[in-house]
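**Student:** My structure is below; once you've seen it, I'll send some questions.
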Amino acid sequence: MTLFLTALVAGLAVGSVYGLIALSYTVLFNSTAIFNIAQGDLMMAGVLVSYFCLDRWHLPQVVALLAIIAVVVALSLLEERVAVRPFLRRPGIGLGWFIATLAFSLIIETVASNIYGQNPVVPIPGALGDGTFTVAGVHVATKFILAFVVMIVVMVALEIFYKRTWIGTAMRGVAEDREVAALRGIDALRISRLAFVIAGVVTALAAFVVAPIVSSDVTVGLTYGLKGFIALAIGGFGSLRGCVIGGLLLGVAEQMFDLYINSNYEILAALILVLIVLAVRPSGLFGTRAVREV
Amino acid sequence: MNEIAQRLGFGGRTWLRWAIPVALIVVLYIVPQLGGSSQFRLGEYEEVLSFLVIAVALNIAMGYGGQYILGITAVFAVGAYGAILVAKYHPQGIGLLAMCVIGAAIGGVAGMIIGLPALRVGGFYLALVSLFAALAIPTVAQKWAFVGADTGIPLYAVLGYTPKLSGELLYVIVVSLVLLATLFSWALVHSRVGHRFVALHTSEQLATSIGITAYRTKLLAIGISSVLAGAAGGIYVYTQQFFAPGSSSVNFAVLLLAGMVIGGGGSITGPLIGGAIILGINQFFTSLQQYNGIVFGVLLLLFAVFLPNGLLARLNVVGERLGINPPRGFGVPGGRAPIEVAPAGVAAAVAASSVAASAAPVNGSGPGAGLNAHAARQLPPWPPVIGAGDPGALVVEGARRSFGGVTAVDNVDLTVKRGQIHGLIGSNGSGKTTLLNLISRFYSLDAGQIRIGSVRLDDKPPHAVARAGIARTFQSPKLMLRETALENVIPAVELRVRCLGLESVLRLPRGIRVNRQARAEALEILQTLGLHHVLAQEASALPHGTRRLVELARAIALRPSFVLLDEPAAGLSPVELELLAEVCQNLARSGVGVLLIEHNVPMVLSIADTVTCLHQGKTLFQGTPEELRANTSVASVFLGIDEPLETPS
């Protein structure tokens, strides 16, 4: 039982990271109708910044957080400019943006491996220290709690932002019809930049909370990016709550797979889960919107 | 003799068109003579060659079919592991061919496992799910002792296993296999199967409107390319005698994609050239490997943004300028087939067309005499072929559909009788196009039913509507822009001129006959509509009015029982408009029921037998044109006047 609960807690913590990435995908998709596969590598870049700030230079946590946000947002804006904006202007068929964002993620990964090398990043001290406390006989690390809380706060903030603010409503409308949005005086390009900034901040937070939990290396970007997508597919496209539930489900499923089946093949948990969800309920658990025809 | 020389292009530069590929193929065969033929070197060449087979496979699914199975390396890896395991446990009697077959079979299954669920959602889901599979399979293999874990399976260490082929002979065979795969992909894309892929890639609505089953066609694209990628796994294993998790990392999938995009997806040779460049650099310039990701990433990004059709499309343009490729869009279609098989009269019209097109239209000088008022009289009948057995009318009963709070179509009844033209008018947003999309099953009904005679359509998938005999055009023409006008019409003919896809791909006797027949019929319909001068032009180069006519030709080519035309007159010139009216009347004369959505009310009133007027989703009026002219409610809604449009005479 203790083993189960420990795995559950760890699953919720890792799942919170998947959920955060899924949330950043949703923010982008709402405003640009593109799916940014480089999001995972943006997070990986944030983890590296966290490593340099905290492990090498021993800077305060707040400085590290600000540095991560600055770097990830800057990279997001660069990506928006070079890999996404050219496609937003261009109507027509194809998934050209998909190739472009994949190319961007390859560039980030290669640059990172040239700066850092192939070694794994050592675990980084968490923002709330490395303490644990015990609930019902289970040791719960504060860094796990932090990940979970950050995800919930981000989700609630985004829900309020989309429902209550004018700009939030505009950001949801743009992807559905760019022309109509333009006619209403909404600057679609500014909106898509803003979406990249918000998604960048969310991803930076994901990097900040994941760095102490999982020891990563420069190749984890694509893995996290794809697992964030799987969280999204499980939860359902377009639903913020779906992202959170999907992320948590995936995280817990992985830990349970480790515990009860075989920890060597953990990655299969996600693959099997997504294939089952797509076969049984293609629109996901909370899916509100069909993915547009391509 | 002179004629042969001319045909081969001597005298101009067009001979380079076949000379360049031939030279490249020769170079490919003698690479070992040029670059060293040690066993190690040969192995490296063969590795790249087996990757090129995957590039060909990826191009079929993605470049032509539009199905982003990016993680095709997962399929390759599974096929390779299958082949090498069989070889490990049954070392005797397994050769190159057996390995390819095993790889192909297992690869096909793996492709289906990835594709079946992911395709239910479509779009980039397939890309991401397959990419995840490409990530997961090597990761799992790394830990799995049965497949040799991290070190992999070395076949050369297996006792009793001796490959029959080796050295330069093996190299020549592998090159031939790559060429064979390329030839297959050419045959495939120039067959009825390939036509379906391109139609689906262009637009799912377009594809289903000519009766293509979207889900099955997507699966077929993925299945074929998976089989090929699995076979590549067999080739890899046989030539390398080894397979390990590192042989197919997820980055390899990205490299393959880069090769295809840079060379040019959707062309036969583009992915080969791009793949050879990228994979070759990756293989032979290992000292720079550290930075390869940056170089390839930047290249991929630049091509995706600036040259989405790839290097080869660019080379073709250069080739045109240098006079190597014949300029597109002039004269009769490329290839000799249509003229040989077309009826003599049509062939004569083609011959005359160059004169007719340049000179002023000459009245009555044959079916291809350009657009003029009299051309229409020569339209041949187009009696229904699909759905002709059932004499029933197309009936819409109590149709309702709302979007959110807006009821776009509200309790509309409508009957389109065979042999009659039913006009559908109404202001923008009155629900006309929605009604059409309901009939086409692009939207589902909230209430009501749609049927032909007593056969319900409203519970059927969209492609079944076309197969029941209903053709349609779109408000903004949907054409395959990179295909010629002729190639845009052929897939519609192929719905009713049928043979097995395999016969068409492999050019079996019936396949050849059917391929030719489809082409000839498409050609004839385009010519009757006076479009002989654009047959070989890419649709992207056609003016708007011509695109509408090509779309109309595609609808007629189905030889349907009913035709739904969505604002076909918008943007047509007066001459084209007259042709359109004649086409509608000719369809009706031939026994086809026409549902004509138009804003051009005078035209509708002059040719329609019945007119329905929609207003805010409801039927405002239904009756003959004469009754409409006398009706005050229509006039008041549209013109704000309380008198009839005009007094009936």
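The values are calculated or read from the model by the stated rules, or taken from the named source; none is laboratory data. The shown structure was predicted, so the numbers you read here are calculated from the model rather than taken from an experiment. Here the Cβ is made from the backbone with ideal geometry for all residues, glycine too, and neighbour counts use every protein chain on show.
**Student:** Evaluate the following for residue B:156: is it away from chain A (no Cβ under 14 Å), buried (at least 24 other Cβ atoms within 10 Å of the Cβ) and of a type in the set (Phe, Trp, Tyr)?
**Tutor:** It is false that residue B:156 is away from chain A (no Cβ under 14 Å), buried (at least 24 other Cβ atoms within 10 Å of the Cβ) and of a type in the set (Phe, Trp, Tyr).
**Student:** Which of the residues spanning segment B:530-545 are more than 15 Å from residue B:490 (Cα to Cα) and touching a residue at least 24 places away in the same chain (Cβ under 8 Å)?
**Tutor:** Answer for segment B:530-545, where residues must be more than 15 Å from residue B:490 (Cα to Cα) and touching a residue at least 24 places away in the same chain (Cβ under 8 Å): B:530, B:533, B:540, B:541, B:542, B:544, B:545.
**Student:** Test residue A:35 against the criterion of being in contact with a Leu (Cβ under 8 Å, 6 or more places away or on another chain) and in a loop (DSSP other than H, G, I, E, B), and give yes or no.
**Tutor:** yes
**Student:** Do we find a residue being within 14 Å of chain A (Cβ to nearest Cβ), closer than 30 Å to residue B:442 by Cβ, β-branched (Val, Ile, Thr) and in contact with a Phe, Trp or Tyr (Cβ under 9 Å, 6 or more places away or on another chain) anywhere in segment B:199-208?
**Tutor:** For segment B:199-208, residues within 14 Å of chain A (Cβ to nearest Cβ), closer than 30 Å to residue B:442 by Cβ, β-branched (Val, Ile, Thr) and in contact with a Phe, Trp or Tyr (Cβ under 9 Å, 6 or more places away or on another chain): present.
**Student:** Still on this model: For segment A:58-77, does any single residue satisfy the condition of being assigned to a loop (DSSP other than H, G, I, E, B), surrounded by 13 or more Cβ atoms within 10 Å (Cβ to Cβ) and more than 12 Å from chain B (Cβ to nearest Cβ)?
**Tutor:** yes
**Student:** Within segment B:457-466, is there a residue that is under 24 Å from residue B:608 (Cβ atoms) and either in contact (Cβ under 8 Å) with a residue 40 or more places away in the chain or part of a helix (DSSP H, G or I) (or both)?
**Tutor:** So far as segment B:457-466 goes, yes, one or more of its residues are under 24 Å from residue B:608 (Cβ atoms) and either in contact (Cβ under 8 Å) with a residue 40 or more places away in the chain or part of a helix (DSSP H, G or I) (or both).
**Student:** With in contact with a helix residue (DSSP H, G or I) (Cβ under 8 Å, 6 or more places away or on another chain), crowded, with 21+ Cβ neighbours inside 10 Å and either part of a helix (DSSP H, G or I) or among the basic types (Lys, Arg) (or both) as the only criterion, which of A:253, A:269 stands out?
**Tutor:** None of the others qualify; the one that does is A:269.
**Student:** Okay, moving on. In the list A:103, A:112, A:127, A:157, which residue meets the criterion of being within 8 Å of chain B (Cβ to nearest Cβ) and either closer than 21 Å to residue A:204 by Cα or at pLDDT below 80 (or both)?
**Tutor:** Unique residue meeting the criteria: A:103.
**Student:** Which one of A:147, A:188, A:182 is surrounded by fewer than 18 Cβ atoms within 10 Å (Cβ to Cβ), small (Gly, Ala, Ser) and out of contact with any strand residue (DSSP E or B) (no Cβ under 8 Å at 6 or more places or on another chain)?
**Tutor:** One residue alone meets the criteria, A:182.
**Student:** Could I ask something else about it? Here's a check for you: in segment B:246-302, which residue that is aromatic (Phe, Trp, Tyr) and within 13 Å of chain A (Cβ to nearest Cβ) is surrounded by the most Cβ atoms within 10 Å (Cβ to Cβ)?
**Tutor:** Filtering segment B:246-302 for residues that are aromatic (Phe, Trp, Tyr) and within 13 Å of chain A (Cβ to nearest Cβ), the one surrounded by the most Cβ atoms within 10 Å (Cβ to Cβ) comes out as B:296.
**Student:** Check segment B:515-522 and report whether any residue there is in a loop (DSSP other than H, G, I, E, B) and either in contact (Cβ under 8 Å) with a residue 24 or more places away in the chain or closer than 25 Å to residue B:439 by Cβ (or both).
**Tutor:** No, segment B:515-522 contains no residue that is in a loop (DSSP other than H, G, I, E, B) and either in contact (Cβ under 8 Å) with a residue 24 or more places away in the chain or closer than 25 Å to residue B:439 by Cβ (or both).
**Student:** Please note which strands (runs of 3 or more DSSP E) are completely contained in segment B:390-445 and include at least 1 residues that are surrounded by 18 or more Cβ atoms within 10 Å (Cβ to Cβ), in the same structural domain as residue B:566 (by TED's automatic domain parsing) and among the basic types (Lys, Arg).
**Tutor:** B:394-403
**Student:** If you check residue A:283 against the conditions, is it more than 7 Å from chain B (Cβ to nearest Cβ), at pLDDT below 85 and either in contact with a strand residue (DSSP E or B) (Cβ under 8 Å, 6 or more places away or on another chain) or more than 26 Å from residue B:140 (Cα to Cα) (or both)?
**Tutor:** Yes; evaluated as a whole, the condition is true for this residue.
**Student:** Looking at (1) among the β-branched types (Val, Ile, Thr); (2) surrounded by fewer than 20 Cβ atoms within 10 Å (Cβ to Cβ); (3) more than 28 Å from residue B:39 (Cα to Cα), which is the only condition residue B:162 fails?
**Tutor:** (3)
**Student:** Shifting gears a bit: Only one residue in B:103, B:111, B:107, B:115 is more than 30 Å from residue A:254 (Cα to Cα), within 28 Å of the chain's Cα centre (by Cα) and buried (at least 22 other Cβ atoms within 10 Å of the Cβ), so which one is that?
**Tutor:** B:103
**Student:** Let me ask another. Which of the following residues is farther than 19 Å from residue A:278 by Cβ and either more than 14 Å from chain A (Cβ to nearest Cβ) or touching a helix residue (DSSP H, G or I) at 6+ places or on another chain (Cβ under 6 Å) (or both): B:114, B:102, B:69?
**Tutor:** Every option except B:102 fails the conditions.
**Student:** Could I ask something else about it? Look at residue B:86 and say whether it is surrounded by 22 or more Cβ atoms within 10 Å (Cβ to Cβ) and within 18 Å of residue B:236 (Cβ to Cβ).
**Tutor:** Against the criterion (surrounded by 22 or more Cβ atoms within 10 Å (Cβ to Cβ) and within 18 Å of residue B:236 (Cβ to Cβ)), residue B:86 does not qualify.
**Student:** Scan segment A:256-285 and report the pairs whose first residue is in contact (Cβ under 8 Å) with a residue 40 or more places away in the chain and whose second residue is surrounded by fewer than 14 Cβ atoms within 10 Å (Cβ to Cβ), with Cβ atoms within less than 8 Å and a gap of 6+ or a chain change.
**Tutor:** Pairs found: A:259/A:3; A:259/A:4; A:283/A:290.
**Student:** State yes or no: is residue B:125 closer than 18 Å to residue B:250 by Cβ and free of Cβ contacts under 8 Å to residues at least 40 places away in the same chain?
**Tutor:** In short, yes.
**Student:** Can you find even one residue in segment A:208-227 that is farther than 15 Å from residue A:17 by Cβ, among the acidic types (Asp, Glu) and out of contact with any Asp or Glu (no Cβ under 8 Å at 6 or more places or on another chain)?
**Tutor:** Among the residues of segment A:208-227, at least one is farther than 15 Å from residue A:17 by Cβ, among the acidic types (Asp, Glu) and out of contact with any Asp or Glu (no Cβ under 8 Å at 6 or more places or on another chain), which makes the answer yes.
**Student:** Quick one: in segment A:214-242, of everything that is away from every other protein chain (no Cβ under 12 Å) and small (Gly, Ala, Ser), which residue is surrounded by the most Cβ atoms within 10 Å (Cβ to Cβ)?
**Tutor:** A:235
**Student:** Taking the condition in contact (Cβ under 8 Å) with a residue 12 or more places away in the chain and under 30 Å from residue B:21 (Cβ atoms), does residue B:158 pass?
**Tutor:** Here the answer is no, as residue B:158 does not meet what is asked.
**Student:** While we're looking at this one, here's another question. Restricting attention to segment B:559-589, report how many residues are in contact with a Lys or Arg (Cβ under 8 Å, 6 or more places away or on another chain), under 26 Å from residue B:498 (Cα atoms) and not in a loop (DSSP other than H, G, I, E, B).
**Tutor:** 4
**Student:** Go through the residues of segment A:81-89 one by one and say whether even a single one is more than 22 Å from the chain's Cα centre (by Cα), over 18 Å from residue A:194 (Cα atoms) and within 11 Å of chain B (Cβ to nearest Cβ).
**Tutor:** No, every residue in segment A:81-89 fails to be more than 22 Å from the chain's Cα centre (by Cα), over 18 Å from residue A:194 (Cα atoms) and within 11 Å of chain B (Cβ to nearest Cβ).
**Student:** Suppose the filter is within 14 Å of chain A (Cβ to nearest Cβ), out of contact with any Leu (no Cβ under 9 Å at 6 or more places or on another chain) and under 25 Å from residue B:216 (Cβ atoms); does residue B:122 pass it?
**Tutor:** yes
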